[in-house]
Amino acid sequence: MKITVKLTNKESIIKFEADQFLVPNGNFEFNNIDEAKPSPLAQELFYLPFVKKVYIASNFIAIERYDIVEWKDVQNEVAEQIEAFINSGKTIITAENIVTKTAVTVYAESTPNPSVLKFVANKKIVIQSIEFNSIDDTKFAPLALALFQFPFVKSVFFDDNFVSITKYDIAEWDDITLELREFIKHFLETGKTVVEDAVYQNEVNTQIKIDKEDAINSALDTTSKRIISILEEYIKPAVASDGGNIEFQSYNPITKRVSVILQGACSGCPSSTFTLKNGIETMLKEMLNDDVLTVEALNG
């Protein structure tokens, strides 16, 4: 089998085309040596320090390089290495070990909080909202744990089909958005667990979780139940659209004070605490017909 070098319209990617079929069917993409376990050839290529991605198709192998080298300096040696591997009769792809990817799209969406960006997927990723403010809390949350490996990630919030990420000021969104979007997309495509079931029941999730059904069946007073119902029906959908969440914490019938917890993009936002507090307060006063009522908004 002979390998021919073919240029592409992207300088960092080059194709090594074979004069025979390499794999019977399917296309395979590997982003690192761990992903390449089903392909001995891809694993061998990842030992080259400049190899960033390996793509194996029916009759060619495409490689994306890091900028530490130019293809003109190494392409012939790589072609010879691929040719020698194939002609030695070694396995290119062990198909039964391939993890089938599911098509996933992820887009980034701004929020009212300049420190938070919302990454929205075209599939449901969690069964309830949950926030992680420290890597220490992510034992049962693989995606949160992986995101905290980025030095600029301060906190992670999951809800329904999106991830809200709060960053430290050391990084600008323009420099990290694409990297985070691609990372989340790849994580979801490979079918990895976002949050294990243990999180929803384990002590690691210390947030107060009271939904409408729980409230109705609980020993909460009538006003607390009405407040929860109003939050669920009128406030939460609007807050979620901005990448955040709001949870009822308590109601004091003596002081007429309602305490709520802000999460995700709402937590720590320079303007949202004031805006939400006043917006929620106004709505509750009108719907509960209680002009004395006040709202205390706490960051999660």
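The values are calculated or read from the model by the stated rules, or taken from the named source; none is laboratory data. These numbers were taken from a predicted model, which means no experiment stands behind them. Cβ coordinates were reconstructed from backbone atoms using ideal geometry, including for glycine residues, and neighbour counts include every protein chain displayed. Quick note on the areas: whole protein, heavy atoms, side chains included, nothing else; ligands and nucleic acids left out. Shrake-Rupley method; radii C 1.70, N 1.55, O 1.52, S 1.80 Å.
From the phi of every residue in segment 238-244, what ³J(HN,Hα) in whole Hz does the Karplus formula 6.51 cos²θ - 1.76 cosθ + 1.60 yield, where θ is phi - 60° and glycine or proline is x?
5, 5, 4, 5, 9, x, x
Using the charge dipole of segment 1-58 (Lys, Arg: +1 at Cβ; Asp, Glu: -1 at Cβ; taken about the Cα centre), state which of A42, F28, F16 has its Cα farthest towards the positive end.
F16
Taking only Cα atoms of segment 1-66, what ratio of Rg to Rh do you get with Rh as the Kirkwood inverse-distance radius?
Reported Rg/Rh, Kirkwood definition of Rh: 0.94.
Amide H to amide H under 5 Å from K154: which residues, 5+ apart in sequence or cross-chain, H placed 1.01 Å off N in plane?
Under 5 Å from the amide H of K154 lie the amide H atoms of T166, K167, Y168, each far enough along the sequence or on another chain.
What is the dipole size for segment 53-136, taken about its Cα centre, with +1 at each Lys and Arg Cβ and -1 at each Asp and Glu Cβ, in debye to the nearest 20?
460 debye
Among the lysines, which fall within straight-line cross-link reach of K154, defined as a Cα-Cα distance under 21 Å, with same-chain neighbours fewer than 8 residues apart omitted?
Qualifying lysines at Cα under 21 Å: K118, K139, K167, K185.
Non-local amide H neighbours of N161 (under 5 Å, H modeled in plane, Pro and chain starts lacking H): which ones?
Amide H to amide H, under 5 Å and 5 or more residues apart or across chains, N161 pairs with I125.
Pull up the cross-link candidates among the aspartates and glutamates for K37, meaning alpha carbon to alpha carbon under 14 Å and not fewer than 8 places away within one chain.
E29, E96
Heavy atoms only, 1.4 Å probe, whole protein assembly: order T111, T105 by accessible area, highest first.
T105, T111
Measuring from centroid to centroid over Cα atoms, what is the spacing of segment 1-40 and segment 110-175 in Å?
33 Å
Keeping the other protein chains in place, figure out the carbon and sulfur percent of the accessible area of segment 12-81, with a 1.4 Å probe.
48 percent
Which of rounded, prolate, oblate describes segment 117-196, given a ≥ b ≥ c as roots of the alpha-carbon gyration tensor eigenvalues and a/c under 1.5 marking rounded, otherwise prolate only if a/b is larger than b/c?
Oblate.
Using θ = phi - 60° and the Karplus relation 6.51 cos²θ - 1.76 cosθ + 1.60, list the HN-Hα couplings for segment 280-295 in order, rounded to whole Hz, with x at every Gly or Pro.
5, 4, 4, 5, 5, 4, 5, 6, 9, 6, 9, 6, 8, 4, 10, 10
Got a number for carbon plus sulfur as a percent of segment 101-146's accessible area, 1.4 Å probe?
56 percent
Could you run the Karplus curve 6.51 cos²θ - 1.76 cosθ + 1.60 with θ = phi - 60° over segment 139-147 and give me ³J(HN,Hα) per residue in whole Hz, x for Gly and Pro?
So the J values, rounded to whole Hz, are 3, 10, 9, x, 5, 4, 4, 5, 5.
If I ignore ligands, DNA and RNA and count only protein heavy atoms, how much of Y234 is accessible to a 1.4 Å probe, in Å² to the nearest 10?
It works out to around 110 Å².
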